[in-house]
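The values are calculated or read from the model by the stated rules, or taken from the named source; none is laboratory data. Just so it is clear, the model here is predicted, and its values are computed rather than measured. Neighbour counts run over all protein chains shown; Cβ positions are idealised from the backbone, glycine included. The area values use the complete protein model at the heavy-atom level, side chains included, leaving out ligands, DNA and RNA. Shrake-Rupley method; radii C 1.70, N 1.55, O 1.52, S 1.80 Å.
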Amino acid sequence: MIRADDDRRAVTGKRRVAFACYADQERLPGLLVLLRSLALSNPAVCEDFVVLHPGLPDGALEPARRLHPRIVARRAETGRRLDVLRIRDYDTVIALDAGMAVLGDLGDLLRMRDGVGAVPQLLPEDPAQDRRVLLDDGLLVIQTAALDEGLTDRLEGASPDGGALGGTLDSALKDVLVRVDARHDFLAHRLFDDAPVPEGVAILRFTGQENRPGYAPANEARARFDLDDEAFRTAYCALPGGKHPELLLHCAEPLLATRPRVDLARAVAEIHRQQGRYAEAVDALAPVAGRDVDRPRCHQTLGISLMALSRYEEAERHLLLATAAADIAARNFGQLARLAWLRGDESAAHEYARQGLDADPTDGTCRSWHARTLPATLKRERADAAAAPAAEQYAHVALFADGNENAGDKVLPENVRLCLDTDTGPRRWLPIHVHRLFDDRALEQVNARRGLVIGGGGLFLPDTAPNGNSTWQWNVANTTLARVDVPVAVFAVGYNIFDGQVYRRARFAESLRALVRKSAFFGLRNRGSVERVRELLPAELRDRVLYQPCPTTVHRRLAPGWTDPERRDDTVLVNCAYDRAGLRFGHDYGHFLAQMAAAVRAVGRHAEVAYAAHMPTDEKFVDDLRREHGITLPVKPLYDATNDELRDIYRRTRLVIGMRGHAGMIPFGCGTPVISLVSHPKLAYFLADIERPEWGVSVHDKDLGARLAERATGMLTDHAAAVADVHDRQRALWQVTQENIAELRKIFG
């Protein structure tokens, strides 16, 4: 397994969140109850769980590891709250106690961003004075950035007695204390005389007094989580609604080992498939393949997974079987159309798309494939391919977007071509879609051209159009690649791993090595990608990986006859992205939306704020902003624009605030100032390359709204200086690009 080194989270500022609890031998049973209650009450939550212990043998924590996949064991120095306050490798630490049972949603705690949250408790020995303090075993929600360096020193000499340390905590944390609703740390000993647990209690804490008669409802609430492993796993898997994929796998796979169930096997297979483990998805369904229950959906998961492994004939059989279910028939005909197109059979793709439309005339995927494979469309494409003698053309492997696909992907191929020829059309270029199987027919076409260019775009990505031949986006086997006998140039490709993503197959490393060896030029579009890819290569190949900026960033230098605008519209364009939203935002989407609302209001006092949608799904931001914060933004649907129209919109605005990579790079290339909303490493890499990291703000930044408004206002106030700075930054990128273009001209003759 090859881990993605971008999974460091420092690049995007993504918050690292952990739960923590102290447990010695006596507290271990309580820890297990706590873990079960956390999972069963918050099934979609699975963060690191730090177990602080006094030196327990490793085997002592094995029961905890059976309940939770992310147990982090650490030796405690004092056995007190001081140990929790010493944890500094997470941004947020939610400190719990082994005497707690989680009964409700902890989302409010996970979303906290300020100070140290706690529930001051009334001292039981003196209730008349209504004096409340922080007790040593109480809940703490710690933002580690809020802790000053002297805190642990001030607590070091405190008495280990809970009350004394509580008083010390009070004084030490008073400047950063954030009061949390009592329902998140509700003391069970308040429920004397068999009082019921109040509705809405999220965490019930037991102090030992509840062992006496009179606390039956409280003890019953906790006893619900006193389960053996199998009962816990069964209960978790049976919960309705969304469950965390990692925790579901952790619970479901042991159950499947002893009692195969079709519904559970398919749930496990779907998780493997969605996380890019396609072989594991196929294996998960093998024990139940002959069962009758839910067969069409099992066939659907099998078919999609087999297609991702390039086992195309098997995939087609299973997808055809999946069309037997009326409610998913169109979806599977759409997959069959794509499968046929991948294999170069446009007529079969057209027929499958037609059958899908018969099943559901509103299905957008089938409608798209039907239009894409119309005989008239194919005839025009073939005529274009014969527009010039083959020996005068370049073959170009890229993601060629059409329809309502990502607007940035439509611009990219044209800009790559401009680096070699002002004629970017079919007379000089043979397009080869990166996702289609690169078979003998494609090989013959390439070898008849003057050379092969691969780029641009973030093609090194494991989960977009997966295949079993290379495991990145170009669907080529090493044996076929070895038979290419014209010069090969990889130009401005990106290593597009998100925080939290991994390449799980050694096949990628093999394919990468073969491609680097084959290429006469191998250029990646930011230095971060260069570093990540070099780490995956043997020493003798690393120096062959070079830096080539994305050509969209120098468009005003590339485009023939380009002129900068004499005047600009008094507008600021905002763009957000929602693909892989969990990886982008984590627990912080509500915070992001509120901060953006504040920024939009502030920036709106200086210019009109509008929204630039690169894809239809980008418009979720506009809907959420209107619903949650009452702000309505006009939308520019860039996915419907031509390349020239898109660039004209970007060149005439005063500022672009974008989350998509090309919502920053394209306007920058048109000479427009940009601010990046950093939710992916590639945006930070680009800003580092142009030595302007201050042009980026993390979507996780606690003060996102204020920082964004301040930087945007500064650029708008002195706009001429901001534009001049863009032009100056562009010069360095253009110099690198010119040098690389000169090298390509030598390579291709």
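If you go through the range 687-703 and keep only what is over 24 Å from G582 (Cα atoms) and among the basic types (K, R), you end up with just R692. In the set R731, R707, R647, only one residue is within 24 Å of G403 (Cβ to Cβ), at pLDDT 95 or above and out of contact with any Lys or Arg (no Cβ under 8 Å at 6 or more places or on another chain); that residue is R647.
Restricting the range 192-205 to residues that are open to solvent by 10 Å² or more (accessible area, probe 1.4 Å) and of a type in the set (A, V, I, L, M, F, W, C), which is modelled with the lowest pLDDT?
Here the residue is F192.
So that you can scan it fast, the table gives a plain yes or no per residue for (1) in contact with a Gly (Cβ under 7 Å, 6 or more places away or on another chain); (2) free of Cβ contacts under 8 Å to residues at least 24 places away in the same chain:
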position: G523; (1), (2): no, no
position: V533; (1), (2): no, no
position: R542; (1), (2): no, yes
position: V545; (1), (2): no, no
position: P549; (1), (2): no, no
position: R556; (1), (2): yes, no
position: E566; (1), (2): no, yes
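Within the range 704-736, being more than 30 Å from F521 (Cα to Cα), open to solvent by 50 Å² or more (accessible area, probe 1.4 Å) and touching a residue at least 40 places away in the same chain (Cβ under 8 Å) holds for A706, T717. Among the residues of the range 134-148, just one is under 35 Å from the mean Cα position of the chain (by Cα), open to solvent by less than 30 Å² (accessible area, probe 1.4 Å) and modelled with pLDDT under 90, namely L147.
Working only within the range 293-315, note down all residues that are hydroxyl-bearing (S, T, Y) and open to solvent by 10 Å² or more (accessible area, probe 1.4 Å). Step through it out loud before you land on a result.
First, the residues of the range 293-315 that are hydroxyl-bearing (S, T, Y): 301, 305, 310, 312.
Listed by number, the residues that qualify are S310, Y312.
In the condition set (1) among the acidic types (D, E); (2) open to solvent by 30 Å² or more (accessible area, probe 1.4 Å); (3) without any contact (Cβ under 8 Å) to a residue 40 or more places away in the chain; (4) under 18 Å from G30 (Cα atoms), E210 is compliant with all but (2). Quick check: anything in the range 643-662 touching a helix residue (DSSP H, G or I) at 6+ places or on another chain (Cβ under 9 Å), under 21 Å from R15 (Cα atoms), surrounded by 23 or more Cβ atoms within 10 Å (Cβ to Cβ) and among the aliphatic types (A, V, I, L, M)? Checked against the condition, which is being touching a helix residue (DSSP H, G or I) at 6+ places or on another chain (Cβ under 9 Å), under 21 Å from R15 (Cα atoms), surrounded by 23 or more Cβ atoms within 10 Å (Cβ to Cβ) and among the aliphatic types (A, V, I, L, M), the range 643-662 yields at least one hit. In the range 357-378, the residues that are among the hydrophobic types (A, V, I, L, M, F, W, C) reach residues that are assigned to a loop (DSSP other than H, G, I, E, B) with C-beta atoms within less than 7 angstrom, at least six apart or across chains, in these pairs: L357/D363. Among the residues of the range 363-380, which ones are more than 25 Å from A329 (Cβ to Cβ), among the hydrophobic types (A, V, I, L, M, F, W, C) and open to solvent by 50 Å² or more (accessible area, probe 1.4 Å)? Answer for the range 363-380, where residues must be more than 25 Å from A329 (Cβ to Cβ), among the hydrophobic types (A, V, I, L, M, F, W, C) and open to solvent by 50 Å² or more (accessible area, probe 1.4 Å): just A376.
Contact annotation: residue pairs with Cβ atoms under 7 Å, 6 or more positions apart or on different chains, pairing a residue in the range 507-521 that is among the polar types (S, T, N, Q) with a partner that is assigned to a helix (DSSP H, G or I), are S511/N478.
Taking the range 592-638 as the range and being within 26 Å of D108 (Cα to Cα), surrounded by fewer than 21 Cβ atoms within 10 Å (Cβ to Cβ) and touching a residue at least 12 places away in the same chain (Cβ under 8 Å) as the test, the residues that pass are L593, A594, A597, A598, R601, K620, V622, D624, E628, H629, I631. Selection of the range 402-419 for residues being assigned to a loop (DSSP other than H, G, I, E, B) and at pLDDT below 95 yields D402, G403, N404, E405, N406. Considering the range 737-749, and only residues there that are open to solvent by 30 Å² or more (accessible area, probe 1.4 Å) and part of a helix (DSSP H, G or I), the residue that is nearest to P673 (Cα to Cα) turns out to be Q738. Within the range 455-471, the set of residues being in contact with a Leu (Cβ under 6 Å, 6 or more places away or on another chain) and closer than 24 Å to P681 by Cα comprises G456, G457. Take the conditions part of a loop (DSSP other than H, G, I, E, B) and modelled with pLDDT under 80 and apply them to S159. Does it pass? When the stated conditions are applied, S159 passes them.
Looking at F491, F438 in this structure, which one is part of a loop (DSSP other than H, G, I, E, B) and open to solvent by less than 10 Å² (accessible area, probe 1.4 Å)? Answer to the selection: F438.
Among the residues of the range 518-552, those identified as open to solvent by 20 Å² or more (accessible area, probe 1.4 Å) and touching a Leu at 6+ places or on another chain (Cβ under 7 Å) are K518, L536, Y547.
Listed by first and then second residue, the pairs linking a residue in the range 243-267 that is without any contact (Cβ under 8 Å) to a residue 40 or more places away in the chain to a residue that is of a type in the set (K, R) and open to solvent by 50 Å² or more (accessible area, probe 1.4 Å), with Cβ atoms under 7 Å apart and 6 or more places separating them unless they lie on different chains, are V262/R291; R266/R297.
I'd like to check which strands (runs of 3 or more DSSP E) are fully inside the range 24-95 and have at least 2 residues that are touching a strand residue (DSSP E or B) at 6+ places or on another chain (Cβ under 8 Å) and open to solvent by 10 Å² or more (accessible area, probe 1.4 Å). Step through it out loud before you land on a result.
Values: elements: 48-53, 71-75, 92-95.
Strands (runs of 3 or more DSSP E) meeting the threshold: 48-53, 71-75.
Inspect all residues belonging to the range 172-183 and state whether any of them is surrounded by fewer than 17 Cβ atoms within 10 Å (Cβ to Cβ), on the phi > 0 side of the Ramachandran plot and touching a residue at least 24 places away in the same chain (Cβ under 8 Å). No: the range 172-183 contains no residue that is surrounded by fewer than 17 Cβ atoms within 10 Å (Cβ to Cβ), on the phi > 0 side of the Ramachandran plot and touching a residue at least 24 places away in the same chain (Cβ under 8 Å). Of the residues making up the range 345-362, just one is within 18 Å of A324 (Cβ to Cβ), under 32 Å from the mean Cα position of the chain (by Cα) and open to solvent by 50 Å² or more (accessible area, probe 1.4 Å), namely D360. Would you confirm, using the coordinates I've provided, whether R261 is open to solvent by 30 Å² or more (accessible area, probe 1.4 Å) and farther than 28 Å from H435 by Cα? Against the criterion (open to solvent by 30 Å² or more (accessible area, probe 1.4 Å) and farther than 28 Å from H435 by Cα), R261 qualifies.
Selection of the range 381-422 for residues being among the β-branched types (V, I, T) and open to solvent by 10 Å² or more (accessible area, probe 1.4 Å) yields only T422. So is L169 under 16 Å from L147 (Cα atoms), aliphatic (A, V, I, L, M) and in contact with a helix residue (DSSP H, G or I) (Cβ under 8 Å, 6 or more places away or on another chain) or not? In short, yes. For the range 325-353, a residue qualifies if it is free of Cβ contacts under 8 Å to residues at least 12 places away in the same chain and not in a helix (DSSP H, G or I), and exactly one does: D345.
Is it true that G500 is in a strand (DSSP E or B) and at pLDDT below 90? In short, no.
The helices (runs of 4 or more DSSP H) found wholly in the range 616-726 and carrying at least 2 residues that are of a type in the set (A, V, I, L, M, F, W, C) and closer than 30 Å to V533 by Cβ occupy 662-669, 681-689.
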